[in-house]
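Q: Provided herewith is a single structure, encoded as structure tokens, for subsequent inquiry.
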Amino acid sequence: MKQIPSLRRSALALALLSLSGSALAATCPAYNPSNKANKLYLVFPTANIAYPSFGFTPGSVTNPAAPFSAADLPSYTGTTAALRAAVKHVVELDYCEFNVQVLDTTTLPPTTFARRNTVAVTTKSDIADGLFGLAQAVDTGDATAVDFSYVWGKTYQDWTGGSGGALNGANSTLDRWANSIGGTAAHEAGHNYGLAHNTTLNPGEDTFKHHVMPAGGSLTAEDRAGYRRHFSDTEFSILAANVGLSLQTMWNWDLVNPNANPAHSLEMRVLHPSSTAPSIDWAYAGCNSPWINPTVIGPIGPAETFQGGTYYPYTVKWSTPNPAWGTGSCTGLPGAPGQAPGGILFHIGASFMGVNFNLSTPNPIVIKDITLRDSSSTAMALNPRLHAFDAGTLDTVGNLNLGVFNVAQVPLRLQNLQVRELPRVLGLDQMVANGRMADFAGQEFSPWAKTERTLVQERTSRPGEAISLPVANVSQPRHVYQVITADDCKQGDSFLSGRDVADCKPGTAIDLFPSTTMYFTANSVDDNATYWDPTRREYVRGPLVSRTYYQVTGRRLDRNKNGVDDYIDERQGK
């Protein structure tokens, strides 16, 4: 059998290994932010502006919102513009994978978008209360569409900007100021999106001091300045349920060019349940791919029926040469950029964006077939074979069933289909052989305990055959189930342990079903394939393996349409 060898890690993945929590080192993948339904506005006033009033002491007055100016921070030596951009970048990284677009402005935002979370970021101080920020409420479930919060950036100056402080002298860098102020902005916005204070750690997590939502008294000045804090597994899972993820499906594949001649491009014919083309928001660009920046073309024909559903056909095309393929850090891989030589293993991948806010049914991308093309764009004689997967469907007894389809014209063997339930999104660049369990910024995490399992060890299907595999049941316990009470809001983002929310909306916080994402890996084996053997320099016949790495978002369950997750209803006896 022609096996899938261990692939070289991409240059991007290696770079991510060196990250140490820097506010400016990481970059958010190219998710299309304008498609995100939730808008998070960071308001950096240049003068006093009218703002909602929800402070509770003379020092915590929120109206008017004070200016944001580097002149108010004598320990900081940079410009206002640079600090504003860096603070925004910190918040963008924290909310990167969510259905949340981060925008900055100097005035109150327009009412254009129904779901708005506004944070006034100022360089005023509330050192008397020890407050860095204040949110209107812990909005459990994010039921309130329009929320406000406030940040006192100068509290950091007064608290730790003096001699020997975490933001003084050599410690007074743009990165550290952005970590501090940006972390508070992300924290207060998190309250308005339904997060309470949290120090819960799950197996495999880093210290809670690196997380966004601990109460203020739990963090030192160095904790705030020295690290770009991120959401914990629990916080991430609740946010995914409350505001949604920016992705719906992520795909990576290990493929072999079975022809003797090099392939110069690759096209996938895919089905999508909308006449509006799916958006690629992140594409694999590592060493192992001859091409980068795939594009979507279509619809390329009328709607068609597949497994009882209506879909529109599109072409996803890889043709832009990857300059790293076979060069630089990838030296040793065969072929010129933009060419996959005969018989050679290569890798491609793409993430498809979703803005289905109700999260009830993720939109599937069904892979129908693959066509390799030569230098003249002529279809080549031989092509890789793959199984197609759907996004899962619920049956009448509450099972979530994964559909696996043999869309090839020959029998295919499904081999070693495994699933893992994840608390956060696995980075596309890590959906490779020997990839780490890490997010887009290189932050490692673990799957939820006891969720790694093999669904199919070996199973052969005939052409056109569909396999339905149960992967979860609606009655199973959720990984996150938090009852939020008024007492949970009493301690806040203050080094004096004062509260940082004006109100608390009790309720229950829960994650998606069956988890934030599900991650599947499987081999597709054509046992009687004809393919080019580059070692023997001849065509041979035998087993040829392709490998799929597939990640799909979980879903919100509300089958009785009462606005409450079905699992909460069941736990409360409704």
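Q: Checking the structure you have, find out if any residue of region 34-54 is surrounded by fewer than 15 Cβ atoms within 10 Å (Cβ to Cβ), modelled with pLDDT of 85 or more, out of contact with any strand residue (DSSP E or B) (no Cβ under 8 Å at 6 or more places or on another chain) and assigned to a helix (DSSP H, G or I).
A: The answer is no; no qualifying residue exists.
Q: Six or more apart or on different chains, Cβ under 7 Å: which pairs go from a residue in region 461-474 that's touching a residue at least 12 places away in the same chain (Cβ under 8 Å) and in the same structural domain as R555 (by TED's automatic domain parsing) to one that's of a type in the set (S, T, Y) and in a strand (DSSP E or B)? Could you list them?
A: Listed by first residue and then by second, the contacts come to I467/S461.
Q: Inside region 151-188, can you point out the residues that are closer than 20 Å to A81 by Cβ, touching a strand residue (DSSP E or B) at 6+ places or on another chain (Cβ under 7 Å) and not small (G, A, S)?
A: Answer for region 151-188, where residues must be closer than 20 Å to A81 by Cβ, touching a strand residue (DSSP E or B) at 6+ places or on another chain (Cβ under 7 Å) and not small (G, A, S): V151, I181, T184.
Q: Given the criterion touching a strand residue (DSSP E or B) at 6+ places or on another chain (Cβ under 9 Å) and modelled with pLDDT under 95, identify the matching residue among G563, G573, G464. Full working, then the answer.
A: Numbers: G563 fails: touching a strand residue (DSSP E or B) at 6+ places or on another chain (Cβ under 9 Å); G573 fails: touching a strand residue (DSSP E or B) at 6+ places or on another chain (Cβ under 9 Å).
One residue alone meets the criteria, G464.
Q: Only one of these is in a strand (DSSP E or B), farther than 27 Å from Q430 by Cβ and modelled with pLDDT of 85 or more: T516, T548, T508, T553. Name it. Outline the logic, then answer.
A: Working: T516 fails: farther than 27 Å from Q430 by Cβ; T548 fails: farther than 27 Å from Q430 by Cβ; T553 fails: farther than 27 Å from Q430 by Cβ.
Answer to the selection: T508.
Q: Moving to a separate point now. Looking at region 113-132, which of its residues are at pLDDT below 95, small (G, A, S) and closer than 23 Å to Q101 by Cα?
A: Listed by number, the list holds a single entry, A114.
Q: Is at least one residue of region 104-120 within 22 Å of Y227 (Cβ to Cβ) and crowded, with 23+ Cβ neighbours inside 10 Å?
A: To start, the set of residues in region 104-120 that are within 22 Å of Y227 (Cβ to Cβ) comprises 119.
Filter once more, so that each one left must be crowded, with 23+ Cβ neighbours inside 10 Å: 119.
So far as region 104-120 goes, yes, one or more of its residues are within 22 Å of Y227 (Cβ to Cβ) and crowded, with 23+ Cβ neighbours inside 10 Å.
Q: Out of (1) closer than 26 Å to P33 by Cβ; (2) surrounded by fewer than 22 Cβ atoms within 10 Å (Cβ to Cβ); (3) modelled with pLDDT of 95 or more, what's the single condition that is false for A277?
A: (3)
Q: Within region 67-79, identify whether any single residue is of a type outside the set (D, E), buried (at least 18 other Cβ atoms within 10 Å of the Cβ), touching a residue at least 12 places away in the same chain (Cβ under 8 Å) and touching a Pro at 6+ places or on another chain (Cβ under 7 Å), and answer yes or no.
A: yes
Q: Return yes when A128 is crowded, with 18+ Cβ neighbours inside 10 Å, among the small types (G, A, S) and in the same structural domain as W177 (by TED's automatic domain parsing) and no when it is not. Explain how you work it out, then say what you get.
A: Working: crowded, with 18+ Cβ neighbours inside 10 Å: no; among the small types (G, A, S): yes; in the same structural domain as W177 (by TED's automatic domain parsing): yes.
Considered against the rule, which asks whether it is crowded, with 18+ Cβ neighbours inside 10 Å, among the small types (G, A, S) and in the same structural domain as W177 (by TED's automatic domain parsing), A128 comes out as no.
Q: Which ones in region 408-448 are under 16 Å from P514 (Cα atoms) and more than 20 Å from the chain's Cα centre (by Cα)?
A: Passing the criteria: only Q418.
Q: Are there any pairs with C-beta distances below 7 angstrom linking a residue in region 374-395 that is assigned by TED's automatic domain parsing to the domain that holds S265 and surrounded by 12 or more Cβ atoms within 10 Å (Cβ to Cβ) to a residue that is outside any loop (DSSP other than H, G, I, E, B) and of a type in the set (D, E, K, R), with the two at least 6 apart or on different chains, and if so which?
A: M380/R373; R385/D526; A388/K368
Q: Right, here's the next one. Taking W291 as the residue in question, decide whether it is surrounded by 21 or more Cβ atoms within 10 Å (Cβ to Cβ), modelled with pLDDT under 95 and out of contact with any Cys (no Cβ under 7 Å at 6 or more places or on another chain).
A: Working: surrounded by 21 or more Cβ atoms within 10 Å (Cβ to Cβ): yes; modelled with pLDDT under 95: no; out of contact with any Cys (no Cβ under 7 Å at 6 or more places or on another chain): yes.
Answer is no for this residue.
The values are calculated or read from the model by the stated rules, or taken from the named source; none is laboratory data. Computed from a prediction, not measured in an experiment: that's the story for all the values here. Heads up, the Cβs are rebuilt from the backbone with ideal geometry, glycines too, and the neighbour counts pull from every protein chain shown.
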